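Colleague: Before anything else, here's the structure in question.
The values are calculated or read from the model by the stated rules, or taken from the named source; none is laboratory data. What you see is a predicted model; the values in this text were computed from it and never measured. Glycine gets a Cβ as well: all are built from the backbone with ideal geometry, and neighbour counts include every protein chain shown. What goes into the accessible areas is simple: the full protein's heavy atoms, side chains included, and nothing from ligands, DNA or RNA. Shrake-Rupley method; radii C 1.70, N 1.55, O 1.52, S 1.80 Å.
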Amino acid sequence: MLAGLLRDVTAYADAQGGGQGVFKTAVSNVNILRCFQAMMPMRKIYKPSMCVTLQGSKEILLGDEQLDYRAMEFLVVSVEVPGSGRIVEASPTEPYVGVVIDFDSAMMREVMEQVDDIPATPESARCVFVGKVDDRLAECILRLVRLSDTPKAVPVLYPSIMKEIYYWLLSGPHGAQLRKLALPESNMERVANAIYLIRDNLAKTIRVEALASEARMSPSSFHQHFKRMTSMSPLQYQKQLRLLEARRLLMADAANVSDAAYQVGYESASQFSREYSRMFGMAPKRSLMTLRPMPA
């Protein structure tokens, strides 16, 4: 099954012009990634999704936790979380090839309501984990990719294929961890509500007590659950989100360094520069010259 899936995904990328990069499919939440060389770590916000490696290997760093995944392994992210990912193994003869599938929490919840053999959720469950791709999942992913051959079939067949993927994930060895994402009153869902509060009020100072109240937990319990799920504290999480948004503003030519700092909530441009340099390995001004395209 791996050989057939890798062959079809590679053929699709070649048909889209070949080379390396992100290849969009006819299914809006399914993308293909191909890269011919190992890459330096890239910081981004990971959204609820499943990243399947077909060839090569990748790693992701969340807080102080590192996860690696190779061919026929997947990385699942169940809540929005900032992290640093990189391609570890790739070459022109054996490029990294992967498929990224964004999740629909409402659809997953609908499937979960029909699955009655999900194991109890362990308290130590994280919002990110690595698992093995079995033949059933691989066959579903192959059908998703092949939908691009018949775009008119996407709205009819896509929901049933995704529900099948959710079923195999929920009924598999990691079902309990995904259950945390789908259950409306789970601790993960409550912490996710606090995460959305941070995201939607990025430039504001939000006290841990307010976040705990949003999650309907005591401050100490909230801090413990937040750190367990994301491998970072709420303050670290907000700081990484702010710096990622500042870099986006700089890349989009939407702000100079001082404006970017103030727009994401920094009162001190010098503090912003120090923390930006620590996170991205270069000063904002240097980043500004590197990230923005040169005028024609």
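Colleague: Those residues that are surrounded by 16 or more Cβ atoms within 10 Å (Cβ to Cβ) and more than 20 Å from Y46 (Cβ to Cβ), I need them from segment 196-209; list them, please.
Modeller: Passing the criteria: I206, V208.
Colleague: Shifting gears a bit: How many residues does segment 6-55 hold that are of a type in the set (S, T, Y), within 21 Å of the chain's Cα centre (by Cα) and open to solvent by less than 80 Å² (accessible area, probe 1.4 Å)?
Modeller: Qualifying residue count, segment 6-55: 4.
Colleague: Here is a further query. Tell me which residues, restricted to segment 234-264, are open to solvent by less than 20 Å² (accessible area, probe 1.4 Å) and of a type in the set (G, A, S).
Modeller: A246, A255, A260, A261
Colleague: I'd like to check something: does segment 62-79 contain any residue that is open to solvent by 20 Å² or more (accessible area, probe 1.4 Å), touching a residue at least 24 places away in the same chain (Cβ under 8 Å) and of a type in the set (S, T, Y)?
Modeller: No, every residue in segment 62-79 fails to be open to solvent by 20 Å² or more (accessible area, probe 1.4 Å), touching a residue at least 24 places away in the same chain (Cβ under 8 Å) and of a type in the set (S, T, Y).
Colleague: Right, something else. Where residues in segment 118-135 are exposed (fewer than 15 other Cβ atoms within 10 Å of the Cβ) and modelled with pLDDT of 90 or more, which of them is farthest from Y12 (Cα to Cα)?
Modeller: Filtering first and then ranking leaves K132.
Colleague: Search segment 80-109 for residues being assigned to a loop (DSSP other than H, G, I, E, B) and surrounded by fewer than 18 Cβ atoms within 10 Å (Cβ to Cβ), and hand back the single one that is modelled with the lowest pLDDT.
Modeller: Among residues in segment 80-109 that are assigned to a loop (DSSP other than H, G, I, E, B) and surrounded by fewer than 18 Cβ atoms within 10 Å (Cβ to Cβ), the one modelled with the lowest pLDDT is D104.
Colleague: If you don't mind, there's one more thing I want to ask. What about V115, is it modelled with pLDDT under 95 and in a loop (DSSP other than H, G, I, E, B)?
Modeller: So V115 passes the test.
Colleague: OK, next. Given the criterion under 24 Å from K239 (Cβ atoms), in a helix (DSSP H, G or I), among the basic types (K, R) and out of contact with any Pro (no Cβ under 8 Å at 6 or more places or on another chain), identify the matching residue among R136, R190, R179.
Modeller: That would be R190, the only listed residue that is under 24 Å from K239 (Cβ atoms), in a helix (DSSP H, G or I), among the basic types (K, R) and out of contact with any Pro (no Cβ under 8 Å at 6 or more places or on another chain).
Colleague: Six or more apart or on different chains, Cβ atoms under 7 Å: show the pairs whose first residue is in segment 94-116 and without any contact (Cβ under 8 Å) to a residue 40 or more places away in the chain and whose second is part of a loop (DSSP other than H, G, I, E, B) and open to solvent by less than 40 Å² (accessible area, probe 1.4 Å).
Modeller: Once the first residue is without any contact (Cβ under 8 Å) to a residue 40 or more places away in the chain and sits in segment 94-116, its partners that are part of a loop (DSSP other than H, G, I, E, B) and open to solvent by less than 40 Å² (accessible area, probe 1.4 Å) give E94/G56.
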